[in-house]
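The values are calculated or read from the model by the stated rules, or taken from the named source; none is laboratory data. These numbers were taken from a predicted model, which means no experiment stands behind them. The protein model used for the area step is the full one, side chains on, heavy atoms only, and it has no ligands, DNA or RNA in it. Shrake-Rupley method; radii C 1.70, N 1.55, O 1.52, S 1.80 Å.
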Amino acid sequence: MSSLDRQQSNRLLQHITGVEQLLTEVDEEGAEEVLDELYMLITKLFEQFPHLDKDEDQ
């Protein structure tokens, strides 16, 4: 299993910064839309890598 290389890590941080900036520009409805999209992204990650879906209560 490999981790992100420097370029991938930088791209990820740029995208996260972009989402943070977007959140300063939207109203509650826009924030809900961002949240929905982030939820879908997290769901896709768990579908692709189910072992990452750890229940904290276990």
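Just a few scattered comments:
- Computed [θ] at 222 nm, deg cm²/dmol, the chain (DSSP H ≥ 4; -39,500 (n - 2.57); rounded to nearest 500): -24500 deg cm²/dmol
- Shown for the chain: the carbon plus sulfur share of the solvent-accessible area, taken with all protein chains present and a 1.4 angstrom probe, equals 53%.
- Seen against the Cα atoms of the chain and their longest principal axis, helix 28-48 is set at about 10 degrees.
- Estimated at 0.36 nm per residue, the fully extended path between Asp53 and Ser9 surpasses their Cα-Cα distance by 13.7 nm.
- Taking N as the residue count of the chain, its C-alpha radius of gyration divided by 2.2 N^0.38 Å amounts to 1.39.
- For the chain, the per residue solvent-accessible surface stands at 101 Å², with DNA, RNA and ligands left out and a 1.4 Å probe.
- Helix 6-25 axis versus longest C-alpha principal axis of the chain: approximately 30°, rounded to the nearest ten.
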